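A short write-up of the structure that comes next.
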Amino acid sequence: MSKGDAKELNMPPQDFNKRYGNVSVHWFRHGLRLHDNPALLEALKNCTEFYPIFIFDGEVAGTKHVAFNRMRFLIESLEDLDRNLRKFGGRLYVFHGQPVDILTNLFKEWGVTKLTFEQDPEAVWKQRDDAVKELCEKKEIECVERVSHTLYEPMKIIEKNDGMPPLTYSLFNLVASALGDPPRPVSYPVFHNIDLPVYPDHEKKFGIPKPQTVGVFPDCKEQNNRINEWKGGETKALDLLEKRLAIEKKAYEDGYVLPNQYSPDLLGEPMSMSAHLRFGCLSVRRFHWTIHDLFEKVKPKESKPDALTCQLIWREYFYVMSANNINYDKMEGNPICLNIPWYRNDEILKKWEMGQTGYPWIDAIMNQLRHEGWIHHVGRHAVACFLTRGDLWISWVDGLKIFLKYLIDADWSVSAGNWMWVSSSAFEKVLQCPKCFCPVGYGRRMDRTGEYIRRYLPVLKDMPLRYLFEPWKAPLAVQQKAYCIVGKDYPHPIVNHKEASNECASAMNKVIESFKGKEVPHCAPSDDLEVRRFVCLPDFVSTGGSTGDSKNSGMTSPSESPIVESRKMNMSLLGPKAQIHIGAWNVRTMYETSKTAQVIKEMQHYRLDILGVSECHWTGSGKTRTNSGNIILHSGHTDSQKDY
């Protein structure tokens, strides 16, 4: 490489005071942290001189298609990493260019003897890492790769399953259990007696850029004036973890788990760890074991429920499914995805992206996505279903690209996996989204006061709650008083939901018929219960009767009569024999009577607050949550909305 090339890549000058000994470079990509970083510890072993680096290559950490919020989060994470390294006398070296070119020069100029990095297990990074490993072998540089971005090494799961990815979540859990518990976090790095050189002009040559420096600018004014500000970095991640643990602890004491999932707070301060896990600011192993240890401390006499860290296990599952599948984010050539003839309509897609569908619940979610870079999982499911098999019949691949652009926690494996599942591209007949997510009814259920819509769709801030989710139904006088005329200030609905959802259901039935009798090795749910938990609906399976819809595998329209047939819910936290029998559930207020108030409270993680119970009583001899018995819930209230 010529001197001109070195200058262009902003490399160390060749007259830099090169030292001799064991010189290690740790290459940060994901894993932007010091705690629980086994590859970093490998770099420090027998090391006399240490250089931490990050390389902007146009794709690293998902920056190939990136909007302002995620790039800002990445920059904040790098700045925090640099501050933490300064505590030990070092700095983070940032380069711009292709990794092989950068490393080739560094190996020579710094006299590098060892290169370490955390494993990036997704297929999209294999070509890059293979090229670097080949370079190390050619230059006789020790190359050490360690697993810590995931709980398990994905390829070991595949190997344990006879070389094939486990196509169901249950099978994945079975295979993973054969490998034993995931490793616990490793110790914090120690930099004693290790030289961390810093150039006098480090900031100028190797400093961390601003988003604008790498060509990423705000898309809208709201991105610089966010209501909820998500801050990147290990320091923020660990602080947030402590807050989350307090919430988790309270939930365990009250008898339930996953409070962030089963009691969605759409308006509260940012509490999700997803973006910090995505960039590796927080170790997934630390998160996993901290949650498990906390539950054991709070409930020492109880076995840990399977759901305790199921969101992390879903993350692992999607990583395994993508590990050797370069087409995982596509429909064509993706062996685990069904090939569905979706529509192509760029105009409609753009209106969905920009929050102009005419459905306030959908548009508010998409506005929050663009403005803040994050939306709750209930919002993700709603807008994904609406775009694909719920209403618009547009490919999940198009929706994925927009999520990958805006979401600060956009993850190639997890995002694509979620889109395939919600769109039913990964299984053909268990999840009937038109029966799950009505853009009006589901919005009312999740945003009962309408505050979420008013926050992220201020054009409707003065619309009465009665019409807030369906403003086109408001009389003209009401629209005028609310300063929002539908068709002028806010668009008419882009489709008629009832008609569109029926058309989508018919189209999906044709897809189902086309695959009958064929062996299609696609990713599939283990059972109906798994599907309902995935989309955060109450756990139940059909118990017979004439109102069930076989095509929906028990996911029926719940308001056919004042008292709908009984449903059963698997209540693992109430004990192995406990069951709940439900009369009707598609209403929005729960009234408690008799001695069941505490038991009901302990069951809130199953979202029984949406049940509209007017009478309930405990039957059986048991009076505690660990004894057997039944809770009978009755309601005489019905709801005209038949979709979740």
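Brief remarks follow.
- Alpha carbon centroid spacing (whole Å) that separates segment 27-89 from segment 338-357: 36 Å
- Kirkwood Rh and Cα Rg combined as Rg/Rh, segment 185-310: 1.08
- Filter on LYS243/LYS473; LYS139/LYS210; LYS205/LYS350; LYS330/LYS351 - keep pairs with C-alpha separation over 32 Å: LYS243/LYS473; LYS139/LYS210; LYS205/LYS350
- Too-long pairs where the Cα-Cα distance tops 26 Å, listed order kept, from LYS133/LYS401; LYS64/LYS231; LYS45/LYS108; LYS108/LYS405; LYS160/LYS516: LYS133/LYS401; LYS108/LYS405; LYS160/LYS516
- For segment 208-214, the Karplus equation 6.51 cos²θ - 1.76 cosθ + 1.60, evaluated at θ = phi - 60°, returns couplings of 7, x, 8, x, 5, 5, 9 Hz by residue, with Gly and Pro reported as x.
- Karplus-derived HN-Hα couplings along segment 365-381 (A = 6.51, B = -1.76, C = 1.60, θ = phi - 60°), whole Hz, x at Gly and Pro: 5, 5, 5, 4, 4, 6, 6, 10, x, 8, 9, 5, 4, 5, x, 4, 4
- Computed from the Cβ-Cβ distance with R0 of 45 Å, the FRET efficiency linking ASP219 to ARG466 stands at 0.85.
- Approximate spin-label separation GLU142-LYS126, in nm, with each point projected 7 Å along Cα-to-Cβ: 2.8 nm
- Our coupling estimate for segment 140-155, obtained by passing each phi through the Karplus curve with A = 6.51, B = -1.76, C = 1.60 and θ = phi - 60°, is 6, 9, 5, 10, 10, 10, 10, 8, 7, 7, 10, 6, 10, 7, x, 5 Hz, Gly and Pro reported as x.
- Here's how it looks for TYR93: its modeled amide H is under 5 Å from those of ILE53, PHE54, which are all 5 or more places away or on a different chain.
- FRET efficiency, 1/(1 + (r/R0)^6) with R0 35 Å, evaluated for LYS401 and ILE485 via beta carbons: 0.60
- Distant alpha-carbon pairs in segment 105-156 (separation over 13 angstrom), percent: 63 percent
- Inter-site label distance for GLU332 and ASN228 at 7 Å from Cα along Cβ, in nm: 3.7 nm
- Label-to-label distance for VAL298 and LYS205 is 5.1 nm, based on points extended 7 Å past Cα in the beta-carbon direction.
- Amide H contacts of CYS143 (H built 1.01 Å from N, under 5 Å, at least 5 apart or other chain): LEU115
- One chain, two ends: ASN193 and GLN212. Fully extended at 0.36 nm per residue, the span grows by 3.0 nm beyond their Cα-Cα distance.
Every number here is computed from the coordinates shown, using simple stated rules; none is lab data. In this text, all values refer to a predicted model and were calculated from it rather than measured experimentally. Ideal geometry is used to build each Cβ from the backbone, glycine not excepted, and the neighbour counts take in all protein chains shown.
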